[in-house]
Structure formats: structure tokens, C-alpha cells
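Reviewing the structure listed below.
The values are calculated or read from the model by the stated rules, or taken from the named source; none is laboratory data. This is a predicted model, so every value here is computed, not measured. Only protein heavy atoms, including side chains, enter the accessible area calculation; ligands, DNA and RNA are left aside. Shrake-Rupley method; radii C 1.70, N 1.55, O 1.52, S 1.80 Å.
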Amino acid sequence: MPQLAIALDFTEIEDAEKFLYDLEDKDVIIKVGYSLFVKYGNAITDFIKNRGFKLFLDLKLHDIPNTVYNGVKGAVYLDADYLTIHTLGGKQMLEKAVEAKEGSNLKLLGVTVLTSLDEEYLKFLGINDNMQDLTLKLANLAVETGIDGIVCSPQEVKYLKENIKKEFLAITPGIRPSLDNNDDQKRVMDVRTAVKEGSDILVIGRPIIKAQDPNKVIKEIKESLR
Ligand code: C5P
């Protein structure tokens, strides 16, 4: 069954802890990014793990191979279940990342081209591929190198699953349980459609963490995942 990852996009640890205390369903992945991790480090990751949640560290590592190797080792030490890494960092960097997680439960998730970038920027960089071709090229390289999953828009999942031979996990942000409030996401998809398109982990933040009753929203999403 596809899984739900909740984006824990708080800036204060007290708010994050309160939110997690109140969560009834432990069978969810909790995604922590810069906003909490840079400030609070293992205080927040230990809290998540101690309460029995799966930990998704969204740090989008991108550096020279040796530095990324040490970063991945750090995520293994924190007992993270998922860690994001930029596929643009190159094949050698991806190989070192895969080597660093060997023997652990950590799954590496590759980020291809940030959704904040556009084709005009690719041209500026001198890249002739269009966005779709470049995304597929990077995703393919990552999966072939042993990266476990690819972070992509729900609109891209089907295309990537059809064109990448090796199996991989598709992780999709930009999901809205109901389509009437998109926050600042421009290209959104509802839960059922995303699952139908092949999404394996659905990342949802504000519709849950800002809800009056997060437990109710989670229950509804889980029903749609079945
Ligand atoms: O609140 P919302 O459901 O939009 O949160 C989505 C989460 O996924 C946020 O943590 C955001 O940073 C992340 N994300 C995204 N779009 C991407 C990559 C990551 O929204 N292309």
C-alpha cells in the first residue's frame, strides 16, 4: 500500500512536538527539513524516532562525493529511514552515497530538477534538454546507481515509471486531499489519482498540519490510499 509522509514544516520544536504528541496514527512517515533540522538537529529526529514514527530527512545533500558520504553516514547514525539527495551532484557522488548506506535501513531518494526552476534557466545553464528529458535522464542515472526512490511531481510519475526499467519508489509532494485549497502549490493532484499514477509515498504538509483536526484528515487520506 502507498504510504503517507507528513511534511513537519514547523519552525519551532515545541509546535512540532505538540503536533506529534497528538497524532493517533503511528503508521506515517514524518518528513523533517531545514526548518527544524538546522536549528534543532537530533533533538527533533530523536523525538520522532522515539515516538515510533519513520523518519524522512529532507536535506537534499549536494556536495563532493566524500562529503556526501559522511553526510549519509550521519543520517544512518540518526536512524533515518529516508534521506533526500540531489541527483545533479553527479554519478560519483551518488555512488558514494549508496556505499555509505550499505547495511542500513536507510533509503536514498533522489531529487531531479527543482520545481522552482524552469526551462529558461536550463537554457541559461547551456542545457539543451527540455525539463522532461532532463528529469528522466537524472532519475535513470540515480536509479541505475542504486538510489531507492525519486522525488517528482505527481504529474511526472507515470512517465518516469513507464520509462525507467529498474524498480524505484516514487515520492510525490504537491498532493491535496481536496482540491479546493492548493496553498502555494501550482500543480497539484488528489490522493486517489496520485496513487493510480504510481505514487508510492505521498508527501502532504499544510492540509494536515494546519487542519483543525489533523487525525481526521489523516484517516481520510489513509482511506483513499487503500
Ligand atoms: O504543505 P505542502 O503539502 O505543500 O508541503 C509539501 C512538502 O513537500 C513541503 O515540505 C515542500 O518543501 C516539499 N516539496 C514540494 N515540492 C517539491 C519538492 C518538495 O512541495 N518539488
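Some notes on this structure:
- Entries of LYS96/LYS161; LYS60/LYS165; LYS49/LYS165; LYS186/LYS216 with Cα pairs more than 32 Å apart: LYS49/LYS165
- Aspartates and glutamates with Cα under 19 Å of LYS158, excluding same-chain neighbours fewer than 8 positions away: ASP133, GLU144, ASP148, GLU167, ASP190, GLU197, ASP200
- Whole-percent carbon and sulfur share, accessible surface of region 75-139, 1.4 Å: 48
- The residues of the chain present an accessible area of 52 Å² per residue when probed at 1.4 Å with all protein chains retained.
- Rounded if a/c under 1.5, otherwise prolate or oblate - the chain, Cα gyration tensor axes: oblate
- Given LYS26/LYS166; LYS137/LYS219; LYS91/LYS222, the pairs whose alpha carbons are separated by over 32 Å: LYS137/LYS219; LYS91/LYS222
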